[in-house]
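A short worksheet on the structure shown next.
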Amino acid sequence: MAEIGKVAVTGCGLMGSGIVEIAAKAGYETTAWEIDEEALERGLASIRKSMDRAVDKGKLEAPARDEAMARIRGTTSLDDLADSDLVVEAIVEDLDVKKDLFSRLDRICHEGTILASNTSSLTITEMAAATNRPDRFVGLHFFNPVPVMKLVEVVRTIATGEEAFRAAYDWAASVGKEPVEAKDASGFIVNRLLVPYMLDAIRSLEHGLASIEDIDKAMVLGTGYPMGPFVLSDFVGIDTLFRIAEIMYEEYAESRFAPPPLLRRMVTLGRFGRKSGRGFYDYSGDEPVPMKLDF
């Protein structure tokens, strides 16, 4: 069985910084790579802030935080990832950019390195094909926020070797997550089921079935969901949902994955949800206010 000792994460944004954090807290020497110093410093500061918050809430001891931070090394040079046993990619959701990165990592990393992508919708096979090690290539799809959410979808392609898959699966468990096995199909398990639900909620709004707040309330109180589909869309990001839907529609050519016109228009207007301050709700005040949408 392959042993994973040193871990690297490419991309230190929202997802990448979370993966770095959980790896370091689990005892792994972890290298965080970013494209430039500014992005790297921003990511490392985010990791420190997250762990400080955990200490303040009594969920992490201060000495454990300090030990975890000491295990993290930041770099802007891919060459520093050469001795990593596992490299998890968490960069922009663009297939060509990811393939270019993996091609470079394939040439740099030692032959035993397992390469993994945190993609939420792109197929792992296409990225693996950009390397000479498709047998050592897997998907490791974490969920936001990474330090909190327990699930990791561990994705195998038709070329993934059993040893590499099992090593990645066991590593996910070792950092405190609950791994599930999925085959390589766009959206994997969660998004394959969740995205059509969110898109159907938007279509229901377009068709005048009910208001934003009543649809959200109905799904929370009627099904026990922790949040309604519009709150969830704003949390995920309207632009992210739109991009995932586009990718899945291209993959399956099924109408249930097609982005509704309203979703496209909100992206055009820059209404991306919480991160932009406006989505299906307006977050500029003390409490979110449902947007008044004219069709």
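The values are calculated or read from the model by the stated rules, or taken from the named source; none is laboratory data. Since the model is a prediction, treat every value here as computed from it, not as a measurement. We place every Cβ from the backbone using ideal geometry, glycine too, and count neighbours over all the protein chains shown.
Taking segment 137-179 as the range and being among the aliphatic types (A, V, I, L, M), in a helix (DSSP H, G or I) and under 21 Å from Lys59 (Cα atoms) as the test, the residues that pass are Ala172, Ala173. Residues satisfying the criterion are present in segment 110-128 (criterion: in a loop (DSSP other than H, G, I, E, B), over 21 Å from the mean Cα position of the chain (by Cα) and more than 30 Å from Glu38 (Cα to Cα)).
One line per residue, one yes/no per condition, for (1) farther than 18 Å from Asn144 by Cα; (2) out of contact with any Lys or Arg (no Cβ under 8 Å at 6 or more places or on another chain); (3) touching a residue at least 24 places away in the same chain (Cβ under 8 Å); (4) charged (D, E, K, R):
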{"site": "Ile4", "(1), (2), (3), (4)": "yes, yes, yes, no"}
{"site": "Cys12", "(1), (2), (3), (4)": "no, no, yes, no"}
{"site": "Met51", "(1), (2), (3), (4)": "no, no, yes, no"}
{"site": "Glu61", "(1), (2), (3), (4)": "yes, yes, no, yes"}
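Set side by side, the residues Asp214, Asp170 differ, and just one is closer than 30 Å to Ile4 by Cβ, at pLDDT 95 or above and surrounded by fewer than 16 Cβ atoms within 10 Å (Cβ to Cβ), which is Asp170. List pairs: first in segment 214-241 and among the charged types (D, E, K, R), second in a helix (DSSP H, G or I), Cβ under 6 Å, 6+ apart or cross-chain? From residues that are among the charged types (D, E, K, R), the pairs are Asp216/Phe230; Asp216/Val231; Asp234/Arg274; Asp239/Val267. Taking Ser186 as the residue in question, decide whether it is in contact with a Phe, Trp or Tyr (Cβ under 8 Å, 6 or more places away or on another chain), polar (S, T, N, Q) and modelled with pLDDT of 95 or more. The answer is no for Ser186. For segment 11-27, filtering for residues that are under 17 Å from Thr75 (Cβ atoms) and surrounded by fewer than 23 Cβ atoms within 10 Å (Cβ to Cβ) leaves 1. Counting just the residues of segment 28-49 that are among the β-branched types (Val, Ile, Thr) and touching a residue at least 40 places away in the same chain (Cβ under 8 Å), which one comes out surrounded by the fewest Cβ atoms within 10 Å (Cβ to Cβ)? This residue is Ile35.
How many residues are among the hydroxyl-bearing types (Ser, Thr, Tyr), within 22 Å of the chain's Cα centre (by Cα) and surrounded by fewer than 20 Cβ atoms within 10 Å (Cβ to Cβ) if we restrict to segment 65-107? Going through segment 65-107 one residue at a time, the tally reaches 3.
Report whether or not Tyr249 is assigned by TED's automatic domain parsing to the domain that holds Tyr197 and touching a strand residue (DSSP E or B) at 6+ places or on another chain (Cβ under 6 Å).
Here the answer is no, as Tyr249 does not meet what is asked.
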